[in-house]
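Below: the structure, in structure tokens.
Laboratory data are not the source of any read-out in this text; all were calculated from the coordinates shown. What you see is a predicted model; the values in this text were computed from it and never measured. Positions of Cβ are generated from backbone atoms using ideal geometry, with glycine treated the same way; all protein chains shown enter the neighbour counts.
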Amino acid sequence: MVFEKVKNVIVEQLGIDEADVKMEAKLTDDLGVDSLEIFEIVMSLEEAFEIEIPNEDIENIKDIKGIVRYIEGKLK
């Protein structure tokens, strides 16, 4: 499941509690992610899912649900 893999990457990158990573969680507002952390998360997601995420796509992703939907679209 894409969400579980995304959650694992975010928990590992941010060192936060797994319970904090919910589909509706906003990256900056709820999880306190800064621009460097977003970059590190994206690199880890690219590696985990073997995909490429262009910078312009990153700017449009604001929450966990957005990440999951984006990756699901790339994997089709």
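Below, the figures for the structure above:
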| item | result |
| --- | --- |
| Length gained when the stretch K76-M23 is fully extended (0.36 nm per residue, less Cα-Cα span) | 17.1 nm |
| Student exercise, the chain dipole from Lys, Arg, Asp, Glu Cβ charges, in Debye to nearest 20 | 360 |
| Per-residue HN-Hα couplings for the range 27-36 [Karplus 6.51, -1.76, 1.60; θ = phi - 60°; Hz; x = Gly/Pro] | 4, 7, 6, 8, 9, x, 6, 9, 5, 5 |
| Spacing of the two label points (7 Å from each Cα toward its C-beta) at E47 and N8, in nm | 1.4 |
| Which label in [x] 80; [y] 136; [z] 94 gives the computed volume of the Cα convex hull per residue in Å³ | [x] |
| Given charges at Cβ of Lys, Arg, Asp, Glu: the chain dipole, positive-most of V42, V2, I61 | V2 |
| Euclidean distance between Cα centres, the range 11-29 to the range 41-74, Å | 15 |
| Total lysine pairs under 12 Å (Cα atoms) in the chain, excluding pairs fewer than 8 apart on one chain | 5 |
